[in-house]
Amino acid sequence: MIVLAFMFLVPIYGSIVTSFKSIEEILTEGFWSLPNHFSFESYVEAWQLKNFGRYLLNSFIITIPSVIISILVASLAAYPLSRIKFKGQNIIFFLFVAGLFLPPQINLLPLYKFINMIGLYDTYWALIIVHVAFGQPICVFILRNFFINIPFEIQEAAKMDGCSNFRIYSRIIMPLAKPVIAVLLIFQFTWVWNDFLWGMILTQGENARPVTVALFNLQGMYVVEWNIQTAGANITAIPTIVVFLLFQRYFIKGITLGAVKG
Amino acid sequence: MRLNKGRIGFVLPAVVFLAIGSLFPFFYSLVRSFQNWNLNVPGDKITFTGFNNYAQLFTSFEVFGKPLVITIIFVISSITLEFIIALLLALLISSRDIKGKNFFRTCLIIPMATTPVIVGLMGKYLFSDFGIINHYLGKLGIPPQPWLGSSTMALIVVIIVEVWQWTPFMILILEAGLNDIPQTAVEAADMDGAKPWQVVLFIKLPLLKRLIVLALMLRTMDCIRIFDMIWSLTGGGPVNATETVSIAAYRIAFRYFNIGLGTAYCFMILIITILISIFYVNILTREEQGAW
């Protein structure tokens with residue numbers, strides 16, 4: 001058991017120790033030994049010289065609004081799709097589900113053109129729009145399936161009392177949906193933060209480039225500076241790991257929820 | 001009737017985003033896949049060429065066949081390994097009260113919470129010619145291996161890295177499922193003198209079937225779409241040896257700028273993913289009807 005846990009952790013351990021060593025020490029002592037002198041130099045260098053602070057900020061500026069907007073927009077749509085009967089409902093829902101199947105490469109060129117056309121290339125908004133758009137199918141799907149199981153009696157009672165649709169949505173449905181929203185938060189946060197392809201295609205320079213792309217570009221520019229590379233990687237990896245650990249208990253529920261798709 | 005007003009307002013924003021993110025790209029690409037648009041041929045007039053692009057996919061094995069074979073090898077070996085390792089570990093974790101269970105679970109979350117690009121880059125450091133693995137092999141007196149330089153080895157490395165990152169996901173799903181199995185079923189079998197492996201094979205596994213199929217389906221879809229990890233680990237190389245369909249489609253459209261062929265490629269991937277989901281969903285619905 002311990003051995004197996006160890007197996008999954010070895011690379012992480014390696015990357016943490018390496019980041020605290022100087023390049024000379026890596027070459028003489030190897031990777032696995034604990035550093036003789038703990039030094040934060042690699043982090044300082046990644047942060048200042050390689051501008052990781054800026055890229056990290058970019059990633060946050062992109063990720064946080066993307067997550068909030070996509071869940072908000074999707075929940076608004078999921079409400080009538082699940083709680084009110086109207087014509088065309090099934091067709092609209094089918095379109096959302098179909099969106100789940102599109103391979104990302106189909107979208108690359110059309111969206112690249114679209115973003116350029118509306119003049120948003122190399123801005124935060126370009127990435128936010130793209131991520132919100134891609135978040136819709138999965139968010140609408142999961143939220144709609146959750147909403148539909150909320151007893152209708154609650155809604156009827158509220159209607160009798162003269163509640164508007166928006167009040168039913170905001171005061172009754174959304175509070176009940178908290179657990180499923182937590183799950184979507186983890187999914188969307190990880191998804192947007194981890195994105196690499198769109199960051200690579202829709203940005204240049206440091207204006208709006210997310211940290212994943214910056215990290216990728218770090219290699220090749222310099223001779224293998226293991227310590228700085230691993231320092232950069234650790235900085236990049238921390239937010240998603242923190243989110244996962246914080247919401248651990250929602251996670252399993254989330255997988256099975258997501259698994260109902262298909 | 002007041003309630004029925006305003007529903008369009010609710011759905012509209014999401015539909016707009018869906019149109020931007022899925023509908024418009026889908027039709028745009030669909031049209032392009034029937035045209036001969038190639039940015040490498042400047043001044044070439046874009047005309048409709050029917051199924052020419054699709055035909056071209058099959059003229060040479062290198063274009064579509066080889067990446068497809070690589071994808072199949074990659075997907076099948078990855079998810080088989082992930083499933084077997086995960087099942088053994090999940091059985092181990094759920095069967096006994098082991099100290100540090102929660103700590104182990106927390107450790108398991110870390111690989112899958114790590115950004116795929118980082119996982120790929122880490123793999124690259126570990127397995128590069130002067131990387132850590134060769135460094136230690138050297139200490140054992142084994143000459144350095146060209147892990148990422150040889151076609152077979154590189155594919156194996158890609159599979160190892162994939163299995164490292166996603167086995168924990170399987171373990172957590174299977175463990176959750178195993179914990180939900182009613183204790184009475186297992187106890188009854190024990191009373192009848194069933195051996196532990198019989199309990200696993202004839203009681204636990206059948207009860208987990210639905211969950212297993214779902215987990216395998218999710219992994220299959222993800223493995224077909226995988227891009228970041230392979231791109232940062234090998235870039236599809238050496239000589240396209242680790243190029244799955246997803247990487248190949250990107251290369252054709254965005255490195256070789258053959259837009260027509262690239263989009264046709266994407267639609268082939270789409271058809272394959274749809275076929276695979278139909279396959280899995282069929283298994284699931286058959287199971288629901290109790291036809292196992």
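The values are calculated or read from the model by the stated rules, or taken from the named source; none is laboratory data. Since we're looking at a predicted model, the values are computed, not measured. Cβ placement follows ideal geometry from the backbone for every residue including glycine, while neighbour counts extend to all protein chains displayed. Each accessible area value is taken on the protein alone, full model and side chains, heavy atoms only, with ligands, DNA and RNA left out. Shrake-Rupley method; radii C 1.70, N 1.55, O 1.52, S 1.80 Å.
What number in nm² do you get for chain A if you take the convex hull of its Cα atoms and divide its surface by four?
Computing the convex hull of the Cα atoms and averaging its projections yields 18.0 nm².
Give me the net charge of B:PRO111's neighbourhood, meaning all other residues with Cβ under 12 Å from the Cβ of B:PRO111; Lys, Arg count +1, Asp, Glu -1.
Result for the neighbourhood of B:PRO111: -2.
Output the pairs from A:LYS85/A:LYS159; A:LYS50/B:LYS139; A:LYS50/B:LYS124 with a Cα-Cα distance over 25 Å in this structure; if there are none, say none.
Exceeds cut-off: A:LYS50/B:LYS139.
Determine the dipole magnitude for the protein assembly as shown: charges of +1 sit on the beta-carbon of Lys and Arg, -1 on that of Asp and Glu, nothing else is charged, the reference point is the Cα centre, and the result goes in debye to the nearest 20.
Here the size comes out at about 1680 debye.
Using 7 Å Cα-to-Cβ label points, what is the A:GLN219/B:ILE278 separation (nm, one decimal)?
Each label point is offset 7 Å from its Cα along the Cβ direction, giving 3.9 nm.
Sticking to Cα atoms, compute the Rg of segment B:89-231 to one decimal and its Dmax as the biggest Cα-Cα distance, whole number, in Å.
Reported Rg and Dmax, both Å: 19.4, 57.
What does the accessible area of B:LEU140 come to, in Å² to the nearest 10, when a probe of 1.4 Å is used?
The accessible area comes out at roughly 140 Å².
Cα centroid distance between segment B:175-226 and segment B:80-142, in Å?
If you average the Cα positions of each part, the centres end up 23 Å apart.
Helix hunt in chain A: which complete DSSP H runs extend at least 30 Å axially by C-alpha with mean Kyte-Doolittle at least -0.5?
For chain A, where a helix must reach 30 Å along its axis and average at least -0.5, the hits are A:52-83, A:124-147.
With the cut-off at 1.5 for a/c, could you classify chain B from its C-alpha gyration tensor as rounded, prolate or oblate?
oblate
Suppose all protein chains stay in the model; what accessible area per residue would a 1.4 Å probe give for segment B:101-220, in Å²?
Accessible area per residue: 44 Å².
Per residue of B:133-144, how many C-beta atoms from partner chains lie within 10 Å of its own C-beta, taken as a mean?
Mean number of neighbouring Cβ atoms from other chains: 1.
Quick check on the protein assembly as shown: take the gyration tensor over C-alpha atoms, sort the square-rooted eigenvalues as a ≥ b ≥ c, and tell me if it's rounded (a/c under 1.5), prolate or oblate.
Rounded, since a/c falls under 1.5.
Give, as a single signed number, the net charge of other residues whose beta carbon lies under 12 Å from the beta carbon of A:TRP47, with Lys and Arg counted +1 and Asp and Glu -1.
Charge balance near A:TRP47 sits at 0.
So how tilted is helix B:205-225 from the main axis of chain B? Cα-based, degrees 0 to 90, rounded to 10.
Tilt relative to chain B: about 30 degrees.
Roughly what would the spin-label model give for A:MET7 and B:ASN102, points 7 Å off Cα along C-beta, in nm?
Reported label-point gap for A:MET7 and B:ASN102 is 2.6 nm.
Just to confirm the filter: which chymotrypsin sites (Phe, Trp or Tyr not before Pro) across segment B:29-64 are DSSP coil and have at most 13 other Cβ within 10 angstrom of their Cβ?
The qualifying sites are B:PHE51.
Only counting protein heavy atoms at a 1.4 Å probe, give the residues of segment B:23-69, ordered by number, whose accessible area falls by 20 Å² or more when the other protein chains are present relative to the chain alone.
B:LEU23, B:PHE24, B:PRO25, B:PHE26, B:TYR28, B:SER29, B:TRP37
Would you mind classifying segment B:1-136 by shape? Square roots of the alpha carbon gyration tensor eigenvalues, ordered a ≥ b ≥ c; an a/c under 1.5 is rounded, otherwise it is prolate if a/b is larger than b/c and oblate if not.
Oblate, because a/c is 1.5 or more while a/b does not exceed b/c.
Can you give me the pair-distance distribution of segment B:59-100, C-alpha pairs, 5 Å bins, whole percents?
Whole-percent P(r) values from 0 Å outward: 5, 20, 14, 14, 10, 10, 8, 7, 5, 4, 2, 1.
Which cross-chain or sequence-distant (5 or more) residues have an amide H under 5 Å from the amide H of B:GLN35, H modelled 1.01 Å from N in plane?
Long-range HN contacts for B:GLN35: B:THR49.
Put a dot 7 Å past each Cα toward the Cβ at B:ARG210 and A:LEU176; how far apart are the dots in nm?
Roughly 2.2 nm, to one decimal.
Over all residues in A:81-94, what is the mean tally of Cβ atoms on other chains that come within 10 Å of each residue's Cβ?
2
State the extension gain, in nm to one decimal, for the chain segment bounded by B:VAL41 and B:LEU12, taking 0.36 nm per residue of separation less the distance between their alpha-carbons.
Full extension from B:VAL41 to B:LEU12 adds 6.3 nm.
For segment A:76-202, what is the Kirkwood hydrodynamic radius in Å, using each pair of distinct C-alpha atoms?
Kirkwood radius, segment A:76-202: 16.5 Å.
How much accessible area is lost when chains A and B come together, counting both sides, with a 1.4 Å probe, in Å² rounded to the nearest 100?
By this definition, chains A and B bury close to 7300 Å².
With all protein chains present, how much of the accessible area of chain A (probe radius 1.4 Å) comes from carbon and sulfur, to the nearest whole percent?
69 percent
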